[in-house]
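The values are calculated or read from the model by the stated rules, or taken from the named source; none is laboratory data. Bear in mind that the values here come from a model prediction, so they are computed numbers and not experimental data. All Cβ positions, glycine included, derive from the backbone under ideal geometry; neighbour counts span all protein chains shown. Note: accessible area is taken over every heavy atom of the protein model, side chains too, but ligands, DNA and RNA are not part of it. Shrake-Rupley method; radii C 1.70, N 1.55, O 1.52, S 1.80 Å.
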Amino acid sequence: MSDKENNSTPEEAQKQENFIDQTAENATNNKDESNQEPLSNEGNISENTLTDTEDISSTPTTEKNAQQEVDEALAEDSEDEEANLRHEIEMKDYHSLTMNELIKELSDLVKTNKIPAIREHIVEIKAEFDAKYEEEFEQKKEDFLEEGGNIIDFHYYSPIKKKFDTIYFDYKEKRNNYYEQLKQNLNENLKVRLSIIEELKGMIGVGADMNSNFQQFKELQERWKKAGPVPRNQYNDIWRTYHHHVEHFYDFLHLDREFRDLDFKHNLDQKLKVIARAEELAEEKDTNRAFRELQMLHKMWKEEVGPVAKEYREDIWEKFSAATKKIHENRQAFFSELDKAREDNLAIKQELIEKIDAIANNEITNHSQAQQLIKEMESLRESFFKSGKVPQKNNQEIWTEFKEAIRKFNRNKNAFYKNLKKEQQENLKRKLDLILIAEENKDSEDFETVTPVMKKIQNDWKKIGYVPRKDSDKIWKRFKKACNHYFDRVHKARNEENKEELKAFEDKKELLNNIKDVKLTGDHQEDLKVIKQQIEAWKNIGRLPYNKRYLEGKFNKALDTLFNQLDIDRKQAEMLKYENRLETLDKNDNIREIEKEEFFLRKKISETKADINQLENNLQFFSNVDENNPLVRDVHKNIKKHQEQLETWKAKLKKIKAL
């Protein structure tokens with residue numbers, strides 16, 4: 001039957017009456033089963049599962065025509081008038097929110113809104129939360145198995161999941177109680193409406209006072225308006241049946257036609273206003289708002305405004321249907337554009353998955369690289385969720401591809417860190433070995449031998465890589481304690497040595513001043529003996545502080561002054577001074593310094609030999625020149641000087657090798 005003015009045939013009327021009889025029986029016998037989910041299809045109250053769709057009442061199905069779409073949406077909204085409040089609550093992009101953000105949205109909705117108004121929002125929130133939690137759960141399970149765990153032993157506790165479930169359980173209890181009561185109310189309202197229809201049928205053809213009959217009819221209309229909602233799957237049929245009998249009543253009304261015509265005229269005026277508003281809505285840019293208001297107009301047309309004269313029924317219905325169709329087409333165009341946008345989102349998600357897959361195929365070689373890749377993956381993952389919804393037909397496929405790409409990366413990351421843990425265990429063993437060395441030597445008195453060892457193990461420690469985090473701080477404190485204990489003792493000992501060295505500095509400075517006042521007698525043997533006594537006194541005083549060793553140079557210059565006064569071979573003088581140098585090196589017992597000195601002497605010997613060779617080669621240019629030539633004499637003199645220096649260097653090397 002169409003939604004025109006229901007100018008029904010007798011056969012259609014008989015079908016409608018059969019429907020009423022069957023519906024009345026169903027409404028009487030329909031009882032709830034105590035263990036049945038209140039949101040089952042029984043009673044036509046259901047909670048549809050949404051994953052990636054718009055809100056249920058605003059998403060057109062392409063197979064339906066405009067009138068079917070309006071009828072079904074109107075039946076749904078009429079069943080529970082409070083459900084219309086959902087249009088006042090923003091349907092956010094829950095796909096882009098984190099699990100914590102979804103929990104906050106769920107909590108706020110349940111606390112501040114009525115149950116039917118938030119049903120679609122809750123369904124979307126739960127679908128998105130479950131998807132994100134499933135991803136996290138699978139990753140934790142995979143991590144557990146990668147670390148060698150047995151699947152039987154796997155257990156994952158998530159405080160976030162528990163918090164969500166607690167709030168959702170509260171919502172379900174409120175929802176179940178609400179729909180349980182609503183179901184009872186709908187069936188009661190259905191009985192009332194069926195009773196009104198029966199009363200209306202009984203008034204047709206009754207030869208009572210027409211004026212009284214008409215007043216009784218108006219009372220029935222008021223009762224009908226106030227009777228409340230009925231189950232959605234019976235809404236349209238019961239409305240058509242009611243209007244069939246209303247028009248039948250008017251057709252058989254045997255009273256002054258003036259009353260009926262006035263009523264028809266009033267109804268016509270009201271329906272023309274409805275049509276005018278529908279035509280305005282056809283130009284509305286907000287297609288969802290236009291569709292919601294169109295539902296209200298259809299409800300007014302059906303439930304609040306009575307029939308019109310037969311000659312107008314076809315015409316006004318065609319006009320109203322045309323406006324309805326235009327609004328429907330506008331919505332179809334809107335959702336077509338929405339689908340295009342979702343196709344764009346699909347392309348973006350596919351590109352993001354390709355990037356994730358490319359990262360997943362990278363070989364991870366170090367911790368720093370792994371952390372950088374994890375940051376990149378988190379950024380791509382966030383972009384994936386914020387890139388918007390995709391067409392429903394692609395939703396599962398793209399989600400599966402995304403999860404698989406993420407899992408591939410996580411498997412590679414886990415494999416790397418599994419090997420890294422093995423390496424860290426080896427590093428831990430090596431560092432423990434160094435700790436043992438440090439602890440064994442921390443109380444040693446042999447500073448000269450142990451200090452290089454302690455410095456070496458400190459350098460070795462730095463070269464060893466990371467250890468497990470749980471051990472890192474503990475072993476470092478242990479190693480540091482042993483090293484600090486040893487070097488504190490070394491520094492304390494050196495402080496004592498420094499006191500002795502400072503005293504030696506003062507004594508040598510005084511001795512140096514005394515040497516400057518020494519007057520030689522001219523007796524070679526006695527003067528040489530005095531100089532040797534000064535050298536011996538200098539050696540016996542002790543070692544100078546490192547930053548005061550310049551005093552050695554001043555002492556040697558003072559000795560040179562004395563040697564110059566004494567007729568003594570230069571080589572002998574050099575060797576006497578060098579005895580002092582050797583004594584110092586020997587007392588310090590510093591192998592490295594002795595090796596450096598030996599290297600220096602060998603280098604000077606090599607350089608002196610080279611200089612002598614060069615000078616001898618130069619003489620060849622003067623082969624025909626007289627030996628008394630000044631230039632030739634200078635070359636010979638220079639060669640002799642270098643040869644003396646060479647003998648001195650060799651003598652010094654012999655002395656140093658004897659240490």
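Against the conditions (1) out of contact with any Ser or Thr (no Cβ under 6 Å at 6 or more places or on another chain); (2) open to solvent by 80 Å² or more (accessible area, probe 1.4 Å); (3) of a type outside the set (Lys, Arg), Phe334 satisfies every one except (1). For the range 377-416, the set of residues classified as among the basic types (Lys, Arg) and either under 18 Å from Glu134 (Cβ atoms) or surrounded by 15 or more Cβ atoms within 10 Å (Cβ to Cβ) (or both) consists of Arg381, Lys389, Lys403, Arg407, Lys408, Arg411, Lys413, listed by residue number. Summed over the range 459-473, the residues that are open to solvent by 60 Å² or more (accessible area, probe 1.4 Å) and of a type in the set (S, T, N, Q) give a count of 1. Taken over the range 347-361, the criterion of being surrounded by 14 or more Cβ atoms within 10 Å (Cβ to Cβ) and of a type in the set (S, T, N, Q) is satisfied by Gln350 alone. Taking interchain pairs and intrachain pairs at least six residues apart, which have beta carbon atoms under 8 angstrom, with the first residue in the range 150-165 and part of a helix (DSSP H, G or I) and the second surrounded by 14 or more Cβ atoms within 10 Å (Cβ to Cβ) and among the β-branched types (Val, Ile, Thr)? Correct list of pairs: Ile160/Ile103; Lys163/Ile103; Phe164/Ile103. Which count do you get for residues in the range 491-519 that are open to solvent by 40 Å² or more (accessible area, probe 1.4 Å) and within 23 Å of Gln565 (Cβ to Cβ)? The number of residues fulfilling the criteria is 7. Just to verify a result, which residue in the range 366-399, among those that are under 21 Å from Asp93 (Cβ atoms) and free of Cβ contacts under 8 Å to residues at least 24 places away in the same chain, is nearest to the chain's Cα centre (by Cα)? If we take residues in the range 366-399 being under 21 Å from Asp93 (Cβ atoms) and free of Cβ contacts under 8 Å to residues at least 24 places away in the same chain, then Glu378 is nearest to the chain's Cα centre (by Cα). One residue alone among Lys325, Lys319, Lys302 is at pLDDT below 85 and not polar (S, T, N, Q), and that residue is Lys302. Considering (1) open to solvent by less than 50 Å² (accessible area, probe 1.4 Å); (2) outside any helix (DSSP H, G or I), the lone condition that His244 does not fulfil carries the number (2). Residue check: is Phe479 buried (at least 17 other Cβ atoms within 10 Å of the Cβ), modelled with pLDDT under 90, of a type outside the set (D, E, K, R) and assigned to a helix (DSSP H, G or I)? No, not satisfied. Of Glu627, Glu583, all but one fail to be surrounded by 15 or more Cβ atoms within 10 Å (Cβ to Cβ) and either modelled with pLDDT under 75 or under 30 Å from Gln525 (Cβ atoms) (or both); the exception is Glu583.
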